[in-house]
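Taking it in order: structure first as structure tokens, then the write-up.
Bear in mind that the values in this text are calculations on the coordinates, not laboratory data. Being a predicted model, the structure only gives us computed values, none of them experimental. When we count neighbours, we look across all protein chains shown, and the Cβ atoms used for this are built from the backbone with ideal geometry, even at glycine.
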Amino acid sequence: MTTNFLDGRVIVAVGDITEQDTHAIVNAANSTLLGGGGVDDAIHGKGGRAIYDECLKIRQTVYPGGLPTGKAVITPGGDLKARFVIHTVGPVYGMNGGRDAELLADCYFNSLALAAEKNLRSVAFPSISTGAFHYPKHEAARISSRAINDFLDLDDIVSEVRLVFFSESDARMFLKHQNFIAGPKTA
Ligand code: ADP
């Protein structure tokens with residue numbers, strides 16, 4: 001099952017983020033940038049040393065205190081099919097003084113802005129913050145879709161945003177609660 005939105009610029013799919021052949025994949029990282037569980041562990045595990053080494057360099061230079069929530073940085077993709085990994089830190093739900101939604105939207109917007117800046121035309125996202133960080137999936141659907149919509153309205157570089165859900169039920173939950181301006185087209 002794939003469903004498209006915004007004239008095919010957004011594709012909703014079920015799969016494994018580490019297997020995506022987009023120009024970049026997004027990592028649901030934590031602020032250390034040095035590994036964690038879930039998506040982070042899978043990406044570092046499959047991508048190998050090149051990703052870790054660049055993350056370490058970022059920590060030693062631009063972000064010695066860790067990557068702040070909502071911000072994004074880019075590294076090579078190492079052994080992954082994707083040539084680049086964009087690392088972003090989602091909000092831990094309920095721990096941000098009422099700014100959870102704003103910070104989750106920042107993750108999507110800033111990751112896409114970084115992709116466009118590097119001229120990367122296709123980007124795959126996992127469902128940021130909805131695992132270990134406990135963001136309710138229906139709320140995350142509404143916020144992420146609107147942030148992607150807002151970005152694509154302003155941009156003409158990124159031609160494919162692939163939203164990759166780990167299970168069919170997560171994809172269905174997203175489709176039920178998404179808030180794209182244009183309606184879905186199912187193929
Ligand atoms: P966070 O810490 O931001 O919550 P997680 O990695 O714990 O990030 O989970 C984010 C989402 O990604 C969850 O919905 C989880 O089910 C999903 N997920 C976990 N592993 C993968 C994978 N290999 N590919 C795609 N999605 C995944």
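Among residues other than Y135 whose Cβ falls under 14 Å from its Cβ, what is the net charge (Lys/Arg +1, Asp/Glu -1)?
So the environment of Y135 carries a net charge of -2.
Please compute P(r) over all alpha-carbon pairs of the range 2-182, binned at 10 Å starting from zero, and give each bin as a whole-number percent.
Result returned by the calculation: 10, 42, 38, 9, 0.
Once each part is reduced to its C-alpha centroid, what is the distance from the range 92-135 to the range 1-66 in angstrom?
The two parts, judged by their Cα centres, are 11 Å apart.
Pop the C-beta distance of Q60 and D16 into the FRET formula with R0 = 25 Å and round what comes out to the nearest 0.05.
0.25
Mind giving me the nanometre distance, one decimal, between the label points for N119 and D155, set 7 Å out from Cα along Cα→Cβ?
The modelled label-to-label distance comes out at 1.6 nm.
Shape verdict for the range 49-155, please, from the Cα gyration tensor: rounded (a/c under 1.5), prolate (a/b greater than b/c) or oblate.
oblate
For the chain, which DSSP H helices look membrane-span-like by this rule: Cα extent along the axis of 20 Å or more and mean Kyte-Doolittle of at least 0.5?
Long hydrophobic helices here: 100-117.
Semi-axes of the equivalent ellipsoid for the range 104-187, please: Cα gyration tensor eigenvalues, times 5, square-rooted, ordered largest first, whole Å.
21, 15, 12
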